[in-house]
């Protein structure tokens with residue numbers, strides 16, 4: 001869709017073959033400030049990359065978007081659609097969320113918990129009108145008790161909201177940190193998801 005930043009990113013990132021390499025193809029035409037070092041996975045149906053404005057309270061903040069433009073998740077195609085790519089939007093989503101959550105938990109020290117957040121419409125907090133799902137890794141050491149059980153509940157609830165939703169964006173994502181983070185996550189996905197998926201496909205042909 002013209003003017004959509006996520007559509008521009010999806011158009012600039014090729015589908016890289018996960019069965020041969022955990023890294024995407026080299027390409028220089030990504031829309032600024034997006035770079036190849038932000039890309040975690042790229043399939044026919046979905047793209048996952050580091051949020052360029054991650055929440056400061058997160059250990060890692062990933063976005064998962066469908067390649068095709070859907071403004072809201074309620075706009076996703078009905079399951080009866082015959083197009084393989086369209087079908088993949090529905091069938092691939094749950095598996096990708098599960099494996100990305102596992103990748104964050106297994107790749108970052110002290111990360112056991114994560115949020116999955118998906119907003120639909122401006123009143124619900126959606127800023128970019130293209131479906132995107134936030135997967136936000138939370139350090140286990142960030143809180144040691146349930147803040148809602150505290151005696152000073154009002155103060156604690158404000159602190160809890162800051163922890164969950166963040167106190168603001170961090171726009172100066174370090175390119176080297178992004179490169180290292182994506183290398184770790186891509187390697188995890190390659191060995192724990194894509195390679196196993198290829199093996200299952202090969203077994204089904206026998």
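Bear in mind these aren't lab numbers, they're just calculated from the coordinates by the rules spelled out. Bear in mind the structure is a predicted one, so any value in this text is a computation, not a measurement. Virtual Cβ from ideal backbone geometry, glycine too; neighbours counted across all protein chains shown.
In terms of the mean number of neighbouring beta-carbon atoms within 10 Å, the peptides 5-14, 95-104 order highest first as 95-104, 5-14.
At 0.36 nm per residue, and after removing the present C-alpha to C-alpha distance, how many nm does the segment from residue 199 to residue 127 gain when stretched out fully? Walk me through the numbers on the way to the answer.
Values: separation 72, 0.36 × 72 = 25.92 nm, distance 3.91 nm.
Additional length available on full extension: 22.0 nm.
Stretching residue 118 away from residue 43 to a fully extended chain increases their span by 25.0 nm, per 0.36 nm per residue minus the current alpha-carbon distance. For the peptides 183-196, 116-129, the ranking by packing is 183-196, 116-129, with the highest mean count of neighbouring Cβ atoms within 10 Å listed first.
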